[in-house]
1. Going by a ≥ b ≥ c, the root eigenvalues of the Cα gyration tensor, does segment 84-191 fall in the rounded group (a/c under 1.5), the prolate group (a/b larger than b/c) or the oblate group?
2. With a bin width of 10 angstrom, please list the P(r) values of segment 139-211 as percents of all Cα-Cα pairs, from the 0 bin to the one holding the largest distance.
3. Whole-Hz Karplus ³J(HN,Hα) for segment 254-270, in order, using 6.51 cos²θ - 1.76 cosθ + 1.60 and θ = phi - 60°, x for Gly and Pro?
4. Cα-based Rg (one decimal) and Dmax (whole number) for segment 11-284, in Å?
5. What residue among G195, G223, G131 shows peak mean-square fluctuation when the chain is described by a Gaussian network model with Cα springs under 10 Å?
6. Counting other C-beta atoms within 10 Å, which of R69, R214 has the fewest, and how do the rest follow?
7. Enter the Cα centre distance for the pair segment 222-269 and segment 46-74, rounded to the nearest angstrom.
8. Could you check which residue among V32, V209, V90 shows the biggest mean-square fluctuation in a GNM of the chain with a 10 Å Cα cutoff?
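Nothing in this text is a laboratory measurement; each read-out follows from the coordinates by a stated rule. On a predicted model such as this, the values are computed, not experimentally measured, just so you know. Positions of Cβ are generated from backbone atoms using ideal geometry, with glycine treated the same way; all protein chains shown enter the neighbour counts.
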Amino acid sequence: MAHEQIEAPDNTAVRTALWRALHLHVDPPPHVVEDEIGLQLVAPGDDWRDRPDMDPQATSGFRAAIVARARFIENLIAEQADRGVTQYVVLGAGLDTFAQREPELASRLQIFEVDQPGTQAWKRHRLVELGYDIPDWLHLVPVDFETGASWSEQLSMAGFDPGRPAVIVSTGVTMYLTKETTAATLRQIAGLAPGSTLAMTFLLPTELVDEADRPGLRASEEGARASGTPFISFYTPQEMLALAREAGFKDARHVPGAALAERYFAERTDGLRPSSGESLLLATT
């Protein structure tokens, strides 16, 4: 019998999951997000903290940015669910574990995690192995972006209702895509039901990044290139806002990394704060 091809998720998805766990292991409480389920999924072996990309000091800005954006998104989901929005779409879901960590909130929603077929098959397999149920409100939607497959069509086939508002999230994805692809994605999302909300992260050009964060950003770029997933797109906030408005969003706002630092790290005494290299677009239809 032919087995479904199961490929391990890419380096970026694994690194993100491990950074979230590292936050719990090396940073003192209060923790911005508590997520060790990604670590369980990856099962990297006992020496995972010895990896060069897990150096607690060198990667602290990225680790903080990863947990800050996760917390921001989860606060947004809770707020929108309270307003009656019942659909949540994660584009490039990777090893997102919101559904496993927050089942009470998640079960009020129809959650659609969109990613490459290999990653989705691997994740489904690992969740089952670890004893996590895949409830009927959680939809793992495989889309082969390489072949130009339409994610919106696949979503509808998985039960997504384009006539009802949704929260759509894309974090840590735009730097790997051409600007044309991101513009096309924005146009598709802008065409969703009124009252839909998009949260999308993007990387700033080096000259807009705080001096102290530039060496880390350069190291991150080199690592991405070495692992075969180079960063190809950077945006000024004005450029990203213009793309969103041209795509047809009614309202578009820039949420800088500094705003997340203020919101989630202001009281910290250990110096942990997100890198200034990543910003968020928050847009509504």
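1. oblate
2. 16, 47, 27, 8, 2
3. 9, 10, x, x, 4, 5, 5, 4, 5, 6, 10, 10, 4, 8, 6, 10, 9
4. 17.7, 49
5. G131
6. Going from least to most buried by this count: R214, R69.
7. Cα centroid to Cα centroid, the span is 17 Å.
8. Result for the chain, Cα springs under 10 Å: V209 fluctuates most.
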